[in-house]
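The structure appears right after this line, and notes come after that.
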Amino acid sequence: MTQIPEQMTAVLLESYEGATGLRVVQRPVPQPGPQDVLIQVAAAPINPSDLSFLQGRYGFQKTLPTIPGFEGSGTVVAVGRETGLMGRFLLGRRVACVTQQHGEGLWAEYAVTSVNYALPLAGAVSLEQGAMSVVNPLTAVALIDSAKKGGHKAVLNTAGASALGLMLHRLGQQEGIEVINIVRQAEQVTQLKQQGMRTVLNSSSATFAEELSDLCHGQKIRLAFDAIAGETPQRLLAAMPDHSRVTVYGNLAQKDVALNPGGLIFQDKSVDGFWLTRWVGQKNFLQSLLMWRRAQTLLLSALKTEVRARYPLAQAPQAVAEYEAAMSGGKVLLVMGE
Ligand SMILES: NC(=O)c1ccc[n+]([C@@H]2O[C@H](COP(=O)([O-])OP(=O)(O)OC[C@H]3O[C@@H](n4cnc5c(N)ncnc54)[C@H](OP(=O)(O)O)[C@@H]3O)[C@@H](O)[C@H]2O)c1
């Protein structure tokens, strides 16, 4: 077992001001509580949820200063005394992990999380892919499952050039559901078509509303997944037939959803929300295990994430700034020990 040092490098959020609120510091390595595990962190991506958290706009805030980072991977190096069989099983294993609402995050050399939030990685999955194996892959599984349960043959998805947009399309293909991605830049239409997508729409085009309406009425598309919020759910609903639904799962526009009540009242159109944490919380142990096993088998294919840049912890503020400036084209990863 690796020797655990007393001090570690960590990224600290000192004020809710995005990249400028971050500082790289030396801190004591945390001790796991009775039901926790201590993870030597290997890698952690920067996700849109991290950006929202850094700006104080996520679903919850923490007392500052705190270490950010909701998702990552690493090796379990110590376990709490009440972690039981699971703790003994995980000790020394490579895991994917997420952090708890009330704990600190993963942008550090070591991190503590609940034993339930450390998921063992299959041998074929690298620590790098493992670091991005929970948030987007499980969301893709959940959204495609909801489309399948609703009997939808085709669905819309916005912010379509995102890592999740690519996953949704590939997983949809496997499940017989066409995911029609909507992007906001003409060059992304070309890029996504080169990756095998038959139909990609550009929301910045002058003919977008008409094209979308023709498509939705022609193919009877009644479900859309929206990562943008603001005006977007209404733009989608306006183009969709009666009895359509938009599921909002992101707030990239950082704006409240604006809706025309007529569509809700007279055309039975609706908007709901999706949050992975809530969805996972509704699963029992067996369902979670089966879902995790299924996601792992797809991590090298449908649920794979491209990485475009890797930064050491010491350069975390630059990494966040780079990601914020251009989010498409692959994840920016913090790699510990580099
Ligand atoms: N609810 C949940 O539980 C849950 C779970 C996982 C992910 N998510 C959400 O899923 C979305 C995608 O995540 P990801 O990790 O796949 O993202 P990502 O790979 O980092 O890509 C983000 C994408 O968002 C686009 N974008 C950014 N701001 C935009 C805006 N104002 N309007 C339109 N497009 C915008 C970017 O396109 P450009 O190149 O045009 O900037 C980029 O393609 C995020 O909203 C995230 O919060 C939600």
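The table that follows gives values for the structure above.
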quantity	calculated
3J(HN,Hα) from dihedral phi, region 299-307, Karplus parametrisation 6.51/-1.76/1.60, rounded to Hz, x for glycine, proline	5, 9, 10, 4, 9, 6, 10, 7, 10
Antiparallel DSSP beta bridges within the chain, as percent of all bridges there, nearest 5	60
Estimated D of region 179-315 in µm² per second, where Rh is the Kirkwood radius over Cα pairs and Stokes-Einstein applies at 37 °C, 0.692 mPa s	188
Relative exposure of 70, 285, judged by other C-beta atoms within 10 Å (fewest first)	285, 70
Interchain or long-range residues, amide H under 5 Å from residue 248's placed H	226, 272, 273, 274
Dipole in debye (nearest 20) - the chain, about Cα centre, beta carbon charges: Lys, Arg +1; Asp, Glu -1	840
For a label point 7 Å along the Cα-to-beta-carbon line of residue 268, residues of region 229-260 with backbone N under 14 Å	241-245
By average C-beta atoms within 10 angstrom, highest first, the peptides 56-63, 33-40	33-40, 56-63
For region 1-43, Kirkwood radius (reciprocal of mean inverse C-alpha pair distance, Å)	12.4
Residues whose placed amide H lies under 5 Å from that of residue 66, excluding near-sequence neighbours	13
Under the Karplus curve 6.51 cos²θ - 1.76 cosθ + 1.60, θ = phi - 60°, whole-Hz ³J(HN,Hα) for region 96-101, x wherever Gly or Pro sits	8, 8, 10, 9, 8, 4
Lysine pairs with alpha-carbon atoms under 28 Å apart, region 135-277, spacing 8 or more or separate chains	12
Cα pair count fraction exceeding 31 Å, expressed as % - the chain	34
Rounded to 10°, Cα long-axis angle of helix 135-149 versus longest principal axis of the chain	40
Cross-link partners of residue 331 among aspartates and glutamates (Cα-Cα below 18 Å; sequence separation of 8 or more within a chain)	50, 71, 128, 306, 322
Gap separating the Cα centres of region 1-65 and region 249-322, nearest whole Å	20
Under 5 Å, built H, 5+ apart or other chain: amide partners of residue 55	18
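Every read-out reported here was derived from the displayed coordinates using simple, explicitly stated rules and does not represent laboratory data. Every value quoted in this text rests on a predicted model; they were computed, and no experiment measured them. All Cβ positions, glycine included, derive from the backbone under ideal geometry; neighbour counts span all protein chains shown.
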